[in-house]
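Shown next, in structure tokens, is the structure this report addresses.
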Amino acid sequence: MPAYMIVTAKISDRDAFIQGYGAAAGALVEKMGGKYVLRGPGAELLEGDFGAGASMVISEWRDKGAAQAFWNSTEYQEVKKLREGIADCQVLLIEGAKING
């Protein structure tokens, strides 16, 4: 069953984030078998207390184990350091069947 990693990020330095973390994370997601379903800034908060104006990223993985392998990899731990001090992130991982309309 596919798994989806959902990231909400409040970014204080968008240029540094995109050029550093975004580029490195994107290359690693692709290398490790994930693919982006959505990447976009300016989320509209409808309920709750995290995410107003934030960027959202959703990546799809073949299964939860593949997403966890990416998240726990030594390579990602190094890439993750590139967002320190410039982004406050919330990351969720969920399994779910694709729904074809």
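We did not get these values from a lab; they are worked out from the coordinates using the rules stated. As the structure is a prediction and not an experimental result, all values here were calculated from the model. Cβ sites come from the backbone with ideal geometry, for glycine too, and all protein chains shown count toward neighbours.
Can you tell me which residue in region 77-101 is surrounded by the most Cβ atoms within 10 Å (Cβ to Cβ), limited to those that are within 17 Å of residue 33 (Cβ to Cβ) and in contact with a Phe, Trp or Tyr (Cβ under 9 Å, 6 or more places away or on another chain)? Let's see the steps before the verdict.
Applying the first criterion (within 17 Å of residue 33 (Cβ to Cβ)) to region 77-101 yields 79, 93, 95, 98.
Then keep just the ones that are in contact with a Phe, Trp or Tyr (Cβ under 9 Å, 6 or more places away or on another chain); that gives 79, 93, 95.
Working: 79: 20, 93: 15, 95: 12.
Going through the qualifying residues, I end up with 79.
When only residues in region 29-53 that are among the charged types (D, E, K, R) and surrounded by 12 or more Cβ atoms within 10 Å (Cβ to Cβ) count, which is farthest from residue 79 (Cα to Cα)? Break it down into steps so the answer makes sense when it comes.
Going through region 29-53, the residues among the charged types (D, E, K, R) turn out to be 30-31, 35, 39, 44, 47, 49.
Those left that are additionally surrounded by 12 or more Cβ atoms within 10 Å (Cβ to Cβ): 30, 39.
Details: 30: 14, 39: 18 Å.
Once the filter is applied, the top-ranked residue is 39.
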Residues (over 15 Å from residue 34 (Cβ atoms) and touching a Phe, Trp or Tyr at 6+ places or on another chain (Cβ under 9 Å)) located in region 48-76 | 55
If you check 20, 26, which single one turns out to be free of Cβ contacts under 8 Å to residues at least 12 places away in the same chain and either surrounded by 14 or more Cβ atoms within 10 Å (Cβ to Cβ) or under 12 Å from the mean Cα position of the chain (by Cα) (or both)?
-> 26
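Test of understanding: among 13, 49, which residue is in contact (Cβ under 8 Å) with a residue 60 or more places away in the chain and more than 14 Å from the chain's Cα centre (by Cα)? Spell out how you get there, then give the answer.
On the way: 49 fails: in contact (Cβ under 8 Å) with a residue 60 or more places away in the chain.
That would be 13, the only listed residue that is in contact (Cβ under 8 Å) with a residue 60 or more places away in the chain and more than 14 Å from the chain's Cα centre (by Cα).
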